[in-house]
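Worksheet: the structure to be examined is printed underneath.
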Amino acid sequence: MDLATARLLASPEAAALLAGLDRYRPETALAQAESLRGAGHPPDLVAAVLTQARLAGGTQGRLAPWGHLLLLTEDGGQQATRPVVARHRARRFTASGIRSVADLGCGIGVDALALAEAGLTVRAVEQDPATAELAGANAERLGLANRVTVTVAAAQDVRLDDVAAVFADPSRRAGGRRIADPAAWSPPLGWVLTRPLPELAAKVAPGLADDAVPADVEREVVSHHGHVVEAALYRGALRSPGVRRRATLLPSGATLTDADLPTGGPRVGPLAGYLYEPDGAVIRAGLVAAVSDHVDGALVDPTLAYVTTAQAAETPFARRFQVEAVMPFQLKRLRAALRERDVGAVEIKTRGSAVDPEDLRRRLRLSGGQVLTVVVTRVKGEPVAILARRG
């Protein structure tokens, strides 16, 4: 998007057209465009508004509750922090007593908006002029412009002597592809971590290697409704004392840290009556042993993220399955066991196995009326199939 288009979208005329549009549908877009142009609206305004309607239609669920208000770029709508996560982060800032922050690489402004909504004064910095224009417009649309100042600049060129903290969201894509090397992010993660302010937060890839995280930094992995959506680093007053790893589940806010890990390491034991699949944030944060300790259970295999207990235990950090049968993984034997149970639909989970779930589902050729979960994994190094039911 160019700056002229961004300014057009930020205009009252564009706001009025967007407010009057029905939900975007590809099959009616041409007719909508013709109708709007026929009503006397300039073609460039019509094109910009319909593109915006298309982008908003694809992100409103992810960007709720602000999705219907935010102006988006093609990349910004996909890369922006979910508001529920941005608000969670903003609470860390306010709990630390921080009142002013520089948001380096603010994009369309979701994190800046959440920080401002929480009462902080935010200097939002964005290198792309068109994206910066939309960030400022979004602050206006949410009634937060009095707390957000948008600056067009590279993160490396901004002075930080008048803010109490830094939040950085380095760009991790180029040409539509993810960049794995933190040194190639923009700005590079190493540069972010050397900023002179001790109070610092940085959004990073959930798969960031442990050796890329300094010893004085806490890494938090966040899931939303069971899906890993973000990881971030926290330093200084933003870090919980002594914590290096944390998993947080939203919207509940349930959280585990490395302080919850059992001393002496996790127990490993035979598969019993219940199997637990830890939340993805727990797995990414390396805290499966903490879940095992939480339910007084044992790992099924020391190398895999499955926990077992003899009795049902409640935990927000894992999905529980009641085990019906365990067998060596053989297609004919598995098919026979499922048909005996009149199973016609299966949820297939794999871990520590090269089995393709969709290929296995086709090869099972089931036609019964029951639903069951099949877990294909390893126990003591041997491939097994576990038949189980949720709960």
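The values are calculated or read from the model by the stated rules, or taken from the named source; none is laboratory data. From a predicted model like this one, the values you see are computed outputs, not experimental measurements. All Cβ positions, glycine included, derive from the backbone under ideal geometry; neighbour counts span all protein chains shown.
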ask   = Could you say which residue among S240, S252 is over 20 Å from E314 (Cβ atoms), among the hydroxyl-bearing types (S, T, Y) and surrounded by fewer than 20 Cβ atoms within 10 Å (Cβ to Cβ)?
value = S240
inquiry  = So, in segment 232-268, how many residues would count as being farther than 27 Å from S96 by Cβ and in a strand (DSSP E or B)?
reply    = 1
Only listed residue being surrounded by fewer than 15 Cβ atoms within 10 Å (Cβ to Cβ), without any contact (Cβ under 8 Å) to a residue 12 or more places away in the chain and among the charged types (D, E, K, R), chosen from D356, D342 = D356
ask   = If you check every pair at least six apart or on different chains, which have Cβ atoms under 6 Å apart with a residue in segment 210-224 that is among the polar types (S, T, N, Q) first and a residue that is outside any strand (DSSP E or B) second?
value = S223/D279; S223/G280; S223/A281
Hits in segment 205-230 - residues which are closer than 17 Å to V288 by Cα and crowded, with 17+ Cβ neighbours inside 10 Å = P206, R219, E220, V221, V222, S223, V228
query = Which condition number does K203 fail, the rest of (1) among the basic types (K, R); (2) outside any loop (DSSP other than H, G, I, E, B); (3) more than 20 Å from T255 (Cα to Cα) being met?
reply = (3)
ask   = In segment 300-337, what residues are among the aliphatic types (A, V, I, L, M), surrounded by fewer than 21 Cβ atoms within 10 Å (Cβ to Cβ) and over 26 Å from the mean Cα position of the chain (by Cα)?
value = A310, A312, A313, V323, A325, V326, M327, L331, A336, A337
request  = Among the candidates L275, L256, single out the residue that is at pLDDT 95 or above and out of contact with any helix residue (DSSP H, G or I) (no Cβ under 8 Å at 6 or more places or on another chain).
outcome  = L275
Condition met for G67 (without any contact (Cβ under 8 Å) to a residue 12 or more places away in the chain and touching a helix residue (DSSP H, G or I) at 6+ places or on another chain (Cβ under 7 Å)) = yes
task = Considering only segment 82-127, state which residues are more than 20 Å from S240 (Cα to Cα) and among the small types (G, A, S).
result = A102, G105, G107, G109, A112, A114, A116, G119, A124
inquiry  = Take the conditions touching a Phe, Trp or Tyr at 6+ places or on another chain (Cβ under 7 Å) and within 30 Å of A14 (Cβ to Cβ) and apply them to L134. Does it pass?
reply    = no
query = Which of the residues spanning segment 172-187 are modelled with pLDDT under 80 and in contact with a helix residue (DSSP H, G or I) (Cβ under 9 Å, 6 or more places away or on another chain)?
reply = R173, A174, G176
ask   = Do we have any residue at all in segment 277-290 that's over 25 Å from D210 (Cα atoms), touching a strand residue (DSSP E or B) at 6+ places or on another chain (Cβ under 7 Å) and surrounded by 17 or more Cβ atoms within 10 Å (Cβ to Cβ)?
value = no
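Which of the residues belonging to segment 138-151 are in contact with a helix residue (DSSP H, G or I) (Cβ under 7 Å, 6 or more places away or on another chain) and farther than 11 Å from V110 by Cα?
L144, A145, R147, V148, V150
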